[in-house]
Amino acid sequence: MKKAPTRKATTAKAGPETATKAAAKKATKASAKTAPAAKAAVAKATAKKAAAKATAAKIMPAEPPRAESHTALVRRARRINRELAEVYPYAHPELDFENPFQLLIATVLSAQTTDLRVNQTTPGLFAKYPTPEDLAAANPEEVEEILRPTGFFRAKTKSVIGLSKGLVEQFGGEVPGRLEDLVELPGVGRKTAFVVLGNAFGRPGITVDTHFQRLVRRWKWTAETDPDKIEAAVGALFPKSDWTDLSHHVVWHGRRICHARKPACGACPIAPLCPAYGEGETDPEKAKKLLKYEKGGFPGQRLKPPQAYLDAGGRPAPPLGAA
């Protein structure tokens with residue numbers, strides 16, 4: 001009879017411990033049930049990350065060596081040009097022209113505007129002033145009205161009338177085929193001269209426009225910012241015979257895929273060779289939506305493009321004022 005209270009005390013004392021053990025046991029069982037699901041979720045997330053890394057590894061190039069040798073740079077630059085030649089086999093100057101005079105005028109007018117806007121404007125200009133003699137004798141106010149859509153129309157009017165007078169007075173109304181002669185004309189710099197020499201006379205030249213400048217720096221072909229120094233640095237990487245086509249390839253790529261603000265990295269054919277991969281959209285589907293001109297299914301910049309461009313699926317641009 002004296003032991004009963006002891007048992008009661010023991011039972012009372014053991015009650016909380018038993019409850020704790022029961023709760024722990026219950027928690028263990030619950031954990032055992034949820035553990036497989038948690039592990040599966042973690043495994044799935046890990047696999048997803050691994051797959052993403054593997055996909056990126058196929059596209060994203062390793063960072064080029066900080067001290068890339070000149071030989072390695074030459075090889076990489078020339079390979080990029082070969083790849084672009086396959087992507088744009090129909091690359092051509094995107095200004096409409098029928099003779100050296102028209103190309104010279106169109107190139108001067110292309111400053112601070114698009115080739116498309118120039119192409120939409122020059123038909124009216126050349127219909128009224130088909131020769132240097134005609135444009136040299138033109139009424140500036142009438143020319144200004146025609147060139148108004150291209151922007152900076154007063155300065156451009158002064159340039160095209162001035163260079164037309166220069167052609168008449170110095171070269172008998174003919175466009176010269178030498179760099180040193182072309183750059184003497186009003187409004188004509190090295191870039192304009194090389195466009196004319198390369199595409200109207202078949203004489204190699206590098207056209208350093210805004211697209212060319214930013215892409216060659218993005219690709220780390222050069223760190224120069226001055227156009228003349230860029231021309232010299234890039235020209236040293238390629239044989240002279242490649243210069244004109246190289247200019248077309250780089251400019252076309254800059255307009256269609258490697259945009260300034262948001263390059264379409266996920267749709268870029270030279271991504272493995274580009275040290276700037278990842279600056280733009282890397283998702284392939286999203287990148288495709290950023291493509292322009294024939295790559296995106298839109299009209300090009302020329303009203304009268306070459307047949308090779310049309311055969312490749314390119315579409316001519318609409319004339320000025322078309323819906």
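Looking at region 296-323, I want the residues that are without any contact (Cβ under 8 Å) to a residue 24 or more places away in the chain and more than 24 Å from Leu125 (Cα to Cα) and have a partner that is open to solvent by 40 Å² or more (accessible area, probe 1.4 Å) and in a loop (DSSP other than H, G, I, E, B) with Cβ atoms under 7 Å, at least 6 apart or on another chain. Which pairs are those?
Pairs that qualify, where the first residue is without any contact (Cβ under 8 Å) to a residue 24 or more places away in the chain and more than 24 Å from Leu125 (Cα to Cα) and the partner is open to solvent by 40 Å² or more (accessible area, probe 1.4 Å) and in a loop (DSSP other than H, G, I, E, B), are Phe298/Lys292.
Identify the single condition in (1) over 21 Å from the mean Cα position of the chain (by Cα); (2) within 22 Å of Ile206 (Cβ to Cβ); (3) among the aliphatic types (A, V, I, L, M) that Val118 does not satisfy, given that it satisfies every other one.
(1)
Can you pull out the residues in region 299-323 that are open to solvent by 70 Å² or more (accessible area, probe 1.4 Å) and at positive phi?
Matches in region 299-323: Gly321 only.
Report whether or not Pro269 is touching a residue at least 40 places away in the same chain (Cβ under 8 Å), in a loop (DSSP other than H, G, I, E, B), closer than 17 Å to His249 by Cβ and open to solvent by 40 Å² or more (accessible area, probe 1.4 Å).
Values: touching a residue at least 40 places away in the same chain (Cβ under 8 Å): yes; in a loop (DSSP other than H, G, I, E, B): yes; closer than 17 Å to His249 by Cβ: yes; open to solvent by 40 Å² or more (accessible area, probe 1.4 Å): yes.
Yes; evaluated as a whole, the condition is true for this residue.
Going through region 285-298 one residue at a time, which ones are open to solvent by less than 60 Å² (accessible area, probe 1.4 Å) and either at pLDDT 95 or above or part of a helix (DSSP H, G or I) (or both)?
Once the filter is applied, which keeps residues that are open to solvent by less than 60 Å² (accessible area, probe 1.4 Å) and either at pLDDT 95 or above or part of a helix (DSSP H, G or I) (or both), region 285-298 yields Ala287, Leu290, Leu291, Tyr293, Glu294, Gly296.
Residue check, Val251 against (1) surrounded by fewer than 21 Cβ atoms within 10 Å (Cβ to Cβ); (2) closer than 22 Å to Asn119 by Cβ; (3) out of contact with any Pro (no Cβ under 7 Å at 6 or more places or on another chain), all met but one. Which one?
(1)
Quick one: count up the residues across region 175-201 that are open to solvent by 60 Å² or more (accessible area, probe 1.4 Å) and within 15 Å of Phe97 (Cβ to Cβ).
1
Which condition number does Glu133 fail, the rest of (1) part of a helix (DSSP H, G or I); (2) free of Cβ contacts under 8 Å to residues at least 12 places away in the same chain being met?
All conditions are met except number (2).
So that you can scan it fast, the table gives a plain yes or no per residue for (1) under 29 Å from Phe201 (Cα atoms); (2) assigned to a helix (DSSP H, G or I); (3) in contact (Cβ under 8 Å) with a residue 24 or more places away in the chain:
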site	(1), (2), (3)
Trp221	yes, no, yes
Glu224	yes, no, no
Lys229	yes, yes, no
Ala233	yes, yes, no
Ser241	yes, yes, yes
Ser247	yes, yes, yes
Arg255	yes, yes, yes
Arg261	no, no, no
Ala276	no, no, yes
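Restricting to region 164-174, give me the number of residues that are open to solvent by less than 40 Å² (accessible area, probe 1.4 Å), part of a helix (DSSP H, G or I) and either in contact with a helix residue (DSSP H, G or I) (Cβ under 8 Å, 6 or more places away or on another chain) or at pLDDT below 95 (or both). Walk me through it before giving the result.
Residues of region 164-174 that are open to solvent by less than 40 Å² (accessible area, probe 1.4 Å), as a first pass: 164, 166-167, 173.
Cutting the leftovers down to part of a helix (DSSP H, G or I) gives us 164, 166-167.
So of that shortlist, the ones also either in contact with a helix residue (DSSP H, G or I) (Cβ under 8 Å, 6 or more places away or on another chain) or at pLDDT below 95 (or both) come out as 164, 167.
The number of residues fulfilling the criteria is 2.
Which condition number in (1) over 30 Å from Gly313 (Cβ atoms); (2) open to solvent by 40 Å² or more (accessible area, probe 1.4 Å) is the one that Phe101 fails?
That leaves (2) as the condition not met.
The values are calculated or read from the model by the stated rules, or taken from the named source; none is laboratory data. Predicted model only: the values in this text are computed from it and were never measured. Heads up, the Cβs are rebuilt from the backbone with ideal geometry, glycines too, and the neighbour counts pull from every protein chain shown. In case anyone asks, the SASA skips ligands and DNA or RNA and just uses the protein heavy atoms, side chains included. Shrake-Rupley method; radii C 1.70, N 1.55, O 1.52, S 1.80 Å.
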